[in-house]
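Below is one structure, written out as structure tokens; comments come after it.
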Amino acid sequence: MQQLSNALEDNAWRDLSHSSRLAFHNAKYDQAIDASTLALENLTRALVAILDIRAASHGKKAEFTQGLRDAFKMIEHVPTLSAGYLRAGNLYAIRGKQVDAERIYEQGLRAVSPVLDQAGYSLLSEHKEAAKAQQEQRINFVHFPIEICAHIFSYLSMDTLFGCMSVSRLWRDTILQCASAWYQIELSASSKYAASMYYHFGSLSRHVRSMSLDLSWSCPPNRIPSQLVNGGFTNLRTLKLQGYKVSSEELSMTLQQIGSTLTSLLLEYALYTPVSLGSILSMCPKLTELKYCGSRFPNVHDGSSFPLASGLLSLYLNAHDITDSDLEAVLRCCPKLRNLAVYGCEPEGMRIIDRYCNDLQQLRFNSLHGRSSRSIASNNNNSMLTTYSSSLSTTTTISSSATQKNKNVYKNLNITAKGLRVVDIGDVEGSTAQYLADMLRKGDKHTLEELYMAMHEQPGPSRQWRDLLCNFDTQRLVKFGCKVKHSMHTIVAGLIRQSRTLQDISFWDSELISIDIFDAMITLPRLHRLHLATIDEISDAGIRHFFNSHIAFGFSSPLRVFELEYILDLTNPALSMLADILTLQYLRLCDCDEITTSGMTRFSEKLSLSSSLINLELCKMDCVNDKVIRALSGINTLQHMKMMCLDNVTDQGVWDILDRSTSIRSIDISCCFAVSAFVVDRVKQKLQVRKELRNCECSTTADSSRI
């Protein structure tokens, strides 16, 4: 390296080049040749020195291919110089390829003169021995017992797993033997190892328990794997197929071979001639969960026979043309259904459900408010507790004491009671209310825990809805969501008043949230979340009275989560009052057009005094600027912040919250066009450094406590 440094600093090649030109003009050709040769030797050494710097820089950035390319150019230019061999060996060693490093050092020892380059020769010898020693100390963990390898590989994603298989033949053979690593296979169109997966399907078939295949890619292979059709997967329990390039014939052949072991089948595809549901249920006698999502509903009157009694517990149907006769043909053979989701069905379908489904626990019918994508869980005793807990974890804001209180509600519930627990009804007419009322009266009347309703534009006589919503037991109701019409707000308020156990309320696409509804919500002792989205009119007096009541509750207020989205008439005074609620842990504000910059500034200054807020999301708020963000950085409990489509926030605002807030752990910035990509990257880097420092401090504290 010292030689290369000297070569960079030495400009002798310039003088020699000038001397060669003078000698040539004076016809002293021998002198010109000698001077030119010396100039080239000096210039080559300078070039090698520059290549060495670039190769080392590539190595620091983990760009090993480019670094090795420069190292081999060094060797090509001056094969007798040790620098190229040393740089290439160093790059190989960094990558953990000690065998290649030892080989390149040996090559250098044969090419470099120990007399002319004594220092370089000694380094080559030392590094060769170090690489050899390092290789001897390496532990190849694929030599561990197969059970340990399988446990390690089971934590890897499919792409990572196939990346490991490309390390060597030994690794590939070992991984293919690890049964638990292949219990669950997920292969999408974006996977770069799709072809390799298909190639190894035959070796993996006996291990796989669950398989998810995306068959929508435009390039081959785009058919169901031949091993599936030929019956190679004898232990398959769950199969999910997505895409448009699978024929009905292929699917039928597949189900004939593997249907005897399937317990869960999910089909998301669009076929002009979909496989009959009767055929599916007949070919899969052990099926407990079936999901069908397509542009057309399978013909149930095509002559195929349905089994007399299917063991199906969960059924999800989503198509554009489900008639009540189609639904009747399916439900007639499914007497054990616990969970049912139907989308795209005629309103009369509710009558069919009421007639045949006597043991339902979850019902979703033509839901319009975004819950149609939620998969229905298989029936188990803890399904409702799991659903409720997962919804809380998405906000990461509920205190441990409040969470424990929520769980106790379910602990005290007689989970074996017969009756509906979740009802999610969308686009229903008033005439449908009677069928729903009959269903709610079946079994135990104290089981309903979640109720979501979106009433039709012409809801019919309000008396029918009043009879439904105000004449059934709601002593277990925990979650309630509704699309409120003008004529229904008093009925909704009455339902809320009688449901003292309510903890989570959502209103969406509603015409009016009246003062009656806000007054009713004030009476709820456990209300921890309120979500208002796309409301045409909000009673300003009502929402201010609601905020004022929770301010008066102080730290006894149960409210933890508050979300406002697309609210046109929220006023500055109401927003200012929101900042005074002491117990808020999660706050989301999105597209509230009436809020002014001065109102938002006042709100942020008051919110900066909060001692409980953990999560804050601001989206599409033109009133938010750098001054607002700077004020929000004073919240000493804020850990997570999301900023989306904030056109008036610049780099300075982001730097302010990053530098001034000591508690912040994550900042999610998207579509804020005045914030540069450089600042976004720097924020990620700084937050990652803070995370590592916190982990080190936690480790040090743990070690000290053990001592």
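The values are calculated or read from the model by the stated rules, or taken from the named source; none is laboratory data. If you're wondering where the values come from, they're calculated on a predicted model, not measured in any experiment. Using ideal geometry, Cβ is built from the backbone for each residue, glycine included, and neighbour counts are taken over all protein chains shown. Ligands, DNA and RNA are stripped out before the accessible areas are found, and what is left, the full protein with its side chains, is counted by its heavy atoms. Shrake-Rupley method; radii C 1.70, N 1.55, O 1.52, S 1.80 Å.
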> Quick one: is Thr650 under 28 Å from Asp536 (Cα atoms), open to solvent by 10 Å² or more (accessible area, probe 1.4 Å) and out of contact with any Leu (no Cβ under 9 Å at 6 or more places or on another chain)?
Replying inline: no
> If you go through segment 657-665 one residue at a time, do you hit one that is in a helix (DSSP H, G or I), out of contact with any Asp or Glu (no Cβ under 8 Å at 6 or more places or on another chain) and surrounded by fewer than 13 Cβ atoms within 10 Å (Cβ to Cβ)?
Replying inline: yes
> Scanning segment 306-331 for residues that are in a loop (DSSP other than H, G, I, E, B) and in contact with a helix residue (DSSP H, G or I) (Cβ under 6 Å, 6 or more places away or on another chain), which turns out least open to solvent (accessible area, probe 1.4 Å)?
Replying inline: Ser310
>> Cβ contacts < 6 Å: first residue hydrophobic (A, V, I, L, M, F, W, C), restricted to segment 354-366; second residue surrounded by fewer than 18 Cβ atoms within 10 Å (Cβ to Cβ) and modelled with pLDDT of 90 or more, any location; separation 6+ or different chain. Result?
In response: none
>> Just the residues that are farther than 21 Å from Leu91 by Cβ and buried (at least 17 other Cβ atoms within 10 Å of the Cβ), please, taken from segment 118-151.
In response: Val142, Cys149, Ala150
> Which ones in segment 81-117 are open to solvent by 50 Å² or more (accessible area, probe 1.4 Å) and not in a helix (DSSP H, G or I)?
Replying inline: Arg95, Lys97, Pro114, Val115, Leu116
> Could we say that Val112 is in contact with a Ser or Thr (Cβ under 9 Å, 6 or more places away or on another chain) and either closer than 22 Å to Glu41 by Cα or hydroxyl-bearing (Ser, Thr, Tyr) (or both) here?
Replying inline: yes
> Out of (1) surrounded by fewer than 17 Cβ atoms within 10 Å (Cβ to Cβ); (2) within 19 Å of Cys619 (Cα to Cα); (3) at pLDDT below 95, what's the single condition that is false for His531?
Replying inline: (3)
> Which condition number in (1) open to solvent by 10 Å² or more (accessible area, probe 1.4 Å); (2) at pLDDT 95 or above is the one that Ser611 fails?
Replying inline: (2)
>> Can you report the number of residues in segment 671-690 which are under 24 Å from Cys592 (Cα atoms), touching a helix residue (DSSP H, G or I) at 6+ places or on another chain (Cβ under 9 Å) and either part of a helix (DSSP H, G or I) or open to solvent by 20 Å² or more (accessible area, probe 1.4 Å) (or both)?
In response: 1
> Given the conditions (1) modelled with pLDDT of 80 or more; (2) surrounded by 18 or more Cβ atoms within 10 Å (Cβ to Cβ), which single one is not true for Leu47?
Replying inline: (2)
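So that you can scan it fast, the table gives a plain yes or no per residue for (1) assigned to a helix (DSSP H, G or I); (2) over 20 Å from Arg665 (Cβ atoms):
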residue	(1), (2)
Leu570	no, yes
Ala574	yes, yes
Asp580	no, yes
Leu587	no, no
Phe603	yes, yes
Leu618	no, no
Asp622	no, yes
Asn636	no, no
Met641	no, no
> Pick from segment 538-589 the residues that are more than 31 Å from the chain's Cα centre (by Cα), among the aromatic types (Phe, Trp, Tyr) and open to solvent by 50 Å² or more (accessible area, probe 1.4 Å): which of them is farthest from His640 (Cα to Cα)?
Replying inline: Phe553
>> Give me the residue from segment 471-528 that is β-branched (Val, Ile, Thr) and open to solvent by 10 Å² or more (accessible area, probe 1.4 Å) and, out of that set, nearest to Met453 (Cα to Cα).
In response: Thr490
